[in-house]
């Protein structure tokens, strides 16, 4: 899959989960749990998740990223929590 921004738990109070168990996903920007009271989780249990050319941002709300037996490639800056 090739896409623009991937938002998982992006707006206030929303919840989202992405599980990648194989294949390849390439996006320009990844936001996980990035609004107040939002919850987002990304599980890469196989395959490859590539974020290029923009950044990966996890948290402000509750963001979680788990990589086990898969690959996550981030071409630019990554931030966690309140960092921007």
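Values computed for the structure shown
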| read-out | value |
| --- | --- |
| The listed residue being surrounded by fewer than 22 Cβ atoms within 10 Å (Cβ to Cβ) and under 12 Å from residue 16 (Cβ atoms), out of 54, 41 | 41 |
| All strands (runs of 3 or more DSSP E) inside the chain with 1 or more residues being more than 13 Å from the chain's Cα centre (by Cα) | 2-8, 15-32, 39-51 |
| Identity of the residue in region 57-69, crowded, with 17+ Cβ neighbours inside 10 Å and touching a residue at least 40 places away in the same chain (Cβ under 8 Å), that ends up nearest to residue 29 (Cα to Cα) | 63 |
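FYI, it's all coordinate maths here, none of it is from the lab. As the structure is a prediction and not an experimental result, all values here were calculated from the model. Here Cβ is always computed from backbone atoms with ideal geometry, including for glycine, and neighbour counts include all displayed protein chains.
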